[in-house]
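One structure is given below, encoded as structure tokens.
The values are calculated or read from the model by the stated rules, or taken from the named source; none is laboratory data. Being a predicted model, the structure only gives us computed values, none of them experimental. Glycine also receives a Cβ, built like all others from the backbone with ideal geometry; neighbour counts cover every protein chain displayed.
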Amino acid sequence: MMSMLLLVLAACSTGNKVVDAQRAEAIKALLESRQFVVMVGSMRPISAPTMSVSQGQKMIVRDGQVTCYLPYVGSGQNVGYGASGYKALNFSSQLLDYKLEYPKADRARITFRVDNGDDHYRFHVEVFMNGKTTIDVDPRGRDAISYSGMIHDLSILY
């Protein structure tokens, strides 16, 4: 009876490893194609506690561009004001200096820059092979902010 239980547990764990390996390969393919979306569930401003965000907040990487629909909480040190059309983290812009690396077997790191005409941003994105993703955004003239979410393929948008 005990040996049967061990056989069943071994079979289950082997099945999970196969699924995990398939998921990791799918995530790597998304990252290398530069065609993915990160659906965000929470944000962590530098000067406030972690907060949930409303459904539909996302960062899309597609065709050499990044499109952000992300809320922003923080202060600016060197920003325009009034009717300047401040876009914060709601913009579409060309990706600059996109770099993908795998510092560990269970994660990937993407870095890139953006100049959206309103500010210059540095993005640091950590993608774990289970799909969990963190986005750290460092604007030149504003407080940094982080987001947590899940990576998906672009079909989730349609």
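Look at (1) outside any loop (DSSP other than H, G, I, E, B); (2) at pLDDT below 95; (3) among the aromatic types (Phe, Trp, Tyr) and you find that Tyr86 fails only one, number (1). Can Gly56 be described as of a type in the set (Gly, Ala, Ser), in contact with a Phe, Trp or Tyr (Cβ under 8 Å, 6 or more places away or on another chain) and at pLDDT 85 or above? When the stated conditions are applied, Gly56 passes them. Residues of the stretch 139-156 that are assigned to a loop (DSSP other than H, G, I, E, B) and either of a type in the set (A, V, I, L, M) or crowded, with 22+ Cβ neighbours inside 10 Å (or both): Ala144 alone.
Taken residue by residue, the stretch 28-51 has no member that is at pLDDT below 65, within 28 Å of Arg140 (Cβ to Cβ) and surrounded by 10 or more Cβ atoms within 10 Å (Cβ to Cβ). If you go through the stretch 125-135 and keep only what is more than 12 Å from the chain's Cα centre (by Cα) and either closer than 19 Å to Thr67 by Cβ or surrounded by fewer than 16 Cβ atoms within 10 Å (Cβ to Cβ) (or both), you end up with just Asn130.
Let's see how each residue does on (1) surrounded by 14 or more Cβ atoms within 10 Å (Cβ to Cβ); (2) more than 11 Å from the chain's Cα centre (by Cα); (3) at pLDDT below 90; (4) within 30 Å of Asp20 (Cα to Cα):
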{"position": "Cys68", "(1), (2), (3), (4)": "yes, no, no, yes"}
{"position": "Gln77", "(1), (2), (3), (4)": "no, yes, yes, no"}
{"position": "Leu100", "(1), (2), (3), (4)": "yes, yes, no, yes"}
{"position": "Gly117", "(1), (2), (3), (4)": "no, yes, yes, no"}
{"position": "Val137", "(1), (2), (3), (4)": "yes, no, no, yes"}
{"position": "Tyr158", "(1), (2), (3), (4)": "no, yes, yes, yes"}
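Checked against (1) without any contact (Cβ under 8 Å) to a residue 60 or more places away in the chain; (2) under 21 Å from Ala48 (Cα atoms); (3) not polar (S, T, N, Q), Ile145 passes all but condition (1).
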